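I have placed the structure first, in the form of structure tokens, so that the comments after it can refer back to it.
The values are calculated or read from the model by the stated rules, or taken from the named source; none is laboratory data. On a predicted model such as this, the values are computed, not experimentally measured, just so you know. Here the Cβ positions follow ideal geometry from the backbone for every residue, glycine too, while neighbour counts run over all protein chains shown. Only protein heavy atoms, including side chains, enter the accessible area calculation; ligands, DNA and RNA are left aside. Shrake-Rupley method; radii C 1.70, N 1.55, O 1.52, S 1.80 Å.
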Amino acid sequence: SERILARLHLNEVVDLLQGSHKICAERLVSLQLGGIPLKHLIIEVIFNIVIGMPKPKQDLVWVVSLLYDVLKLDSKLVPLFALGTHSIFIRADRLDVDAIDRFTQFFPLQMSNLGYKFTWKHWSKAV
């Protein structure tokens with residue numbers, strides 16, 4: 001389907017531009033593939049890097065920097081980041097232990113980048 005091809009293309013962009021998170025973020029945000037909405041897919045691809053198996057090719061700090069740059073370039077992606085985080089949280093019991101470990105390293109770094117601004121009221125059950 002078009003969605004699968006779009007996701008593959010986004011992954012290819014990340015792989016090819018992993019030398020510079022800023023350039024990669026700019027390319028991801030500016031990319032247009034016909035009429036396919038890419039905002040959700042961009043966040044999905046980044047989260048898949050973090051929790052994907054086996055261990056991702058990209059360094060965790062690089063991925064945090066990439067997401068920071070993506071969110072800075074397009075603030076409309078911030079709610080999608082929150083939605084993706086929630087989605088991972090509610091499925092954590094089905095994730096591999098290594099994936100959960102990487103996410104627990106990734107999340108506080110990203111929160112620090114965002115000044116710890118998050119929809120914390122939705123997380124009262126977790127605290």
Exercise for review: Tell me which label goes with the value of percent of Cα pairs over 17 Å apart computed from the coordinates here: (i) 57; (ii) 52; (iii) 70.
Suggested key: (i)
Check your understanding: For the chain, what is the mean residue ellipticity at 222 nm derived from helices alone (per DSSP H run of n ≥ 4: -39500 (n - 2.57); sum divided by total residues; nearest 500 deg cm²/dmol)?
Key -> -20500 deg cm²/dmol
Check your understanding: What Kirkwood hydrodynamic radius, in Å, does the stretch 1-55 give when the mean of 1/r is taken over all pairs of distinct Cα atoms and then inverted?
Key -> 11.5 Å
Review point. Once amide H atoms are placed 1.01 Å from N in the peptide plane, what residues at a sequence separation of 5 or more from Leu17, or on another chain, have their amide H within under 5 Å of its amide H?
Key: none
Check your understanding: When the solvent-accessible surface of protein heavy atoms is calculated with a 1.4 angstrom probe, in what order do Arg91, Arg7 fall, highest first?
Key -> Arg91, Arg7
Check your understanding: Along the charge dipole of the chain, Cβ charges K/R +1 and D/E -1, which of Ile100, Leu5, Ile49 sits furthest on the positive end?
Key -> Ile100
Check your understanding: What are the aspartates and glutamates whose alpha-carbon lies under 16 Å from the alpha-carbon of Lys76, with same-chain residues fewer than 8 places away excluded?
Key -> Glu26, Glu44
Exercise for review: Would you mind working out the accessible area per residue for the chain, using a 1.4 Å probe, and quoting it in Å²?
Suggested key: 61 Å²
Revision key, fill the gap. Residues other than Asn11 with Cβ under 13 Å of its Cβ, Lys/Arg counted +1 and Asp/Glu -1, net out at +1
Point to revise | Mean separation of Cα contacts under 8 Å (6+ apart) over length of the stretch 1-113, as relative contact order % | key: 30 percent
Practice item. With a length cut of 24 Å (Cα positions projected on each helix's long axis) and a Kyte-Doolittle mean of at least -1.0, go through the chain and give me the DSSP H helices that pass. Key: 97-113
Point to revise | Within-9-Å neighbourhood charge of Met53 [Cβ basis; K, R +1; D, E -1] | key: -1
Review point. Ranked by accessible surface with a 1.4 Å probe, highest first, in what order do Thr85, Thr104 come?
Key: Thr104, Thr85
